[in-house]
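The structure appears right after this line, and notes come after that.
The values are calculated or read from the model by the stated rules, or taken from the named source; none is laboratory data. Everything quoted here is computed from the prediction, not taken from an experiment. Cβ atoms come from the backbone with ideal geometry, glycine included; neighbour counts cover every protein chain shown. Remember, those area values only see protein heavy atoms, side chains included, never the ligands or the DNA or RNA. Shrake-Rupley method; radii C 1.70, N 1.55, O 1.52, S 1.80 Å.
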Amino acid sequence: NTNNRMEMIESEVIEASLKVYCKSFEFYAVFPGKRGTKDDVMTSVNRLLKIGKAQITTKDFVATFKVSTPSATNYIKTQQEFGLIERAGIVDGKAYLYEVTHPVIRHLIDNKITATAA
């Protein structure tokens with residue numbers, strides 16, 4: 001949706017296009033699996049988006065989703081298996097800090113997108 005007489009693509013157009021691309025990214029093409037299961041890639045992606053931070057801890061999952069620490073740990077394990085997050089260090093001398101590493105998810109978080117459709 002640009003002026004076809006433009007000589008150069010404007011940065012606003014690029015940014016809007018990136019948002020459209022990221023919102024409609026086909027995670028199932030990259031991470032095939034059974035849709036609608038508890039270990040579904042979109043469930044993991046949307047959990048990260050709902051937390052809305054690029055660096056997360058188990059406490060973020062517990063607080064956001066009102067789950068037990070073991071459940072939060074399972075969420076994190078699944079997201080690590082998908083390659084969406086990586087352990088990045090330790091917080092407060094005991095809790096692991098995780099970094100969202102998938103560039104599409106990072107872009108969505110940076111743009112305050114809290115959910116995406118499958």
Original post:
Among ILE14, GLY93, THR73, whose Cα sits farthest toward the positive end of the charge dipole of the range 1-105 (+1 at Cβ of Lys/Arg, -1 at Cβ of Asp/Glu, about the Cα centre)?
Top reply: THR73
**OP:** With r as the distance between the Cβ atoms of MET8 and LYS53 and R0 = 30 Å, compute the FRET efficiency 1/(1 + (r/R0)^6) and round to 0.05.
**Re:** 0.30
Original post:
Just the Cα atoms of the chain: what Rg and Dmax do they give in Å?
Top reply: 16.4, 58
Subject >> Extended-chain gain in nm, criterion 0.36 nm per residue less alpha-carbon gap, THR114 and ARG87 >> reply: 7.5 nm
**OP:** Using just the helices of the chain, give the 222 nm mean residue ellipticity in deg cm²/dmol: DSSP H runs with n ≥ 4 each add -39,500 (n - 2.57), and the total is spread over all residues, rounded to 500.
**Re:** -14500 deg cm²/dmol
Original post:
Dipole of the range 31-118, Cα-centred, from +1 at each Lys and Arg C-beta and -1 at each Asp and Glu C-beta, to the nearest 20 debye?
Top reply: 240
**OP:** Taking the dipole about the Cα centre of the chain, with the C-beta of Lys and Arg at +1 and of Asp and Glu at -1, give me whichever of THR57, TYR28, GLY83 is farthest to the positive side.
**Re:** THR57
Original post:
What accessible area per residue comes out for the chain, rounded to a whole number of Å², with a 1.4 Å probe?
Top reply: 65
Original post:
Roughly how many percent of the accessible protein surface of the chain is carbon and sulfur, given a 1.4 Å probe and a whole-percent answer?
Top reply: 52
